[in-house]
1. With a cut-off of at most 12 other beta carbons within 10 Å, and DSSP calling the residue loop, which GluC sites (Glu not before Pro) in the range 1-52 qualify? Please list them.
2. Taking amide H positions as placed 1.01 Å from N in the peptide plane, with prolines and chain starts having none, which residues 5 or more places from Arg172, or on another chain, fall under 5 Å of its amide H?
3. For the chain, just run the numbers: alpha carbon Rg, then divide by 2.2 N^0.38 Å, N being how many residues it has.
4. Once you list every other residue whose beta carbon is under 14 Å from the beta carbon of Gly127, what net charge do they have if Lys and Arg are +1 and Asp and Glu are -1?
5. In Å², what does the accessible area per residue of the chain work out to with a 1.4 Å probe?
6. Taking only Cα atoms, what is the 0 to 90° angle, nearest 10, from helix 145-169's long axis to the longest principal axis of the chain?
7. Over the range 192-281, one equal point on each Cα, no solvent: what is log10 I(q)/I(0) by the Debye formula at q = 0.11, 0.12, 0.17, 0.25 Å⁻¹?
8. Read phi for every residue in the range 61-68 and hand back ³J(HN,Hα) as whole Hz from Karplus 6.51 cos²θ - 1.76 cosθ + 1.60, θ = phi - 60°, with x for Gly and Pro.
Amino acid sequence: MSFEGQRIWITGASSGIGAALAEAFAARGARLVLSGRRREALAEVAARVQRDALILPFEATDWAALPHAAARAGPVDMLVNNAGISQRSLAVDTRPEVYRALIETDLLAPVWLTQLVLPGMVERRAGHIVGISSVAGRVGTVLRTGYCAAKHGLIGYLDALRAEVEQAYGVRVTTVLPGSVRTQVAANALQADGSVRGDSDANIDAGMDPAECARRILNGIEEEEREIIVAEGGEAFAAGLRFTDPERLFDMLSKAGDQLAKEREKGGRPEPARVSQTLRN
Ligand SMILES: NC(=O)c1ccc[n+]([C@@H]2O[C@H](COP(=O)([O-])OP(=O)(O)OC[C@H]3O[C@@H](n4cnc5c(N)ncnc54)[C@H](OP(=O)(O)O)[C@@H]3O)[C@@H](O)[C@H]2O)c1
């Protein structure tokens, strides 16, 4: 398939995977609508990748703003639900409002945006919804109970939506499950009290280059894959094990949780172990 001339709306385009997707789609001739909260960061991305891209900043959980944003975006050929925040905190310590923020940002906002563009796509018998979930949307990863809940939920929503609209209306639905990608995701993650973590972690710093992640996502879309796993090594292995040998995976993950609990008892900040370490356990 060609992206030439396609109008593509990317949320979370001010940083990381979203900015890399903007660059990759622009290079393939798409016409972009770029969203995120930070207007200046979006303007910088636009200046770099497509000067006349439409910059459409909004807070994803401002429910009143979303219909206006969708109206300004106009009919789009593709919506890429990419904006999101992560979590680094143990469930036992985490305040309820942190769960609300994670589920609103990572699940309800993409669902609501999709609902806003969907009637037009159904009417036109064409369109494409892309959702950036995560390997953590399949594998219950320590320190991310709220994030996992939202990302698992997003996969469920997109799978069920695909069943309703793919054959019936020619609307495509693609779910993306990245492993660790080198972005601001860990630094922007919420902690137990709702504060922002502020610094990255080893897995993310050792993660895939965002441009490579974007390249694989575009390839997967071109190949008409409905689910694109963008992960390597232990993370790709864990995503497969969730179906082939879930008991073994749960044992490995429980050991990682046990180590974190011991750290917590000593009063330390819960630090995510490297994936390789978790899977060796
Ligand atoms: N990096 C990874 O290892 C990884 C792995 C799996 C999945 N993912 C997923 O990939 C997506 C992109 O994350 P990233 O890694 O590129 O992280 P990032 O560098 O922190 O970028 C997150 C993007 O989401 C936007 N955003 C966050 N909260 C928002 C809100 N309330 N309203 C509007 N926009 C909001 C941010 O824009 P502003 O700051 O301008 O608001 C930013 O553009 C997320 O859904 C994340 O869960 C990432």
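The values are calculated or read from the model by the stated rules, or taken from the named source; none is laboratory data. In this text the structure is predicted, and so the values were computed from the model without any measurement. Positions of Cβ are generated from backbone atoms using ideal geometry, with glycine treated the same way; all protein chains shown enter the neighbour counts. The protein model used for the area step is the full one, side chains on, heavy atoms only, and it has no ligands, DNA or RNA in it. Shrake-Rupley method; radii C 1.70, N 1.55, O 1.52, S 1.80 Å.
1. Answer in residue order: Glu4.
2. HN-HN under 5 Å from Arg172: Gly127, His128, Ile129.
3. Taking N as the residue count of the chain, the ratio is 0.98.
4. Once all neighbours under 14 Å are counted, the net charge is +1.
5. Here the per-residue accessible area is 45 Å².
6. Around 30 degrees separate the two axes.
7. -0.45, -0.53, -0.94, -1.23
8. Once rounded to whole Hz, the list reads 9, 8, 4, 5, 7, 5, x, 5.
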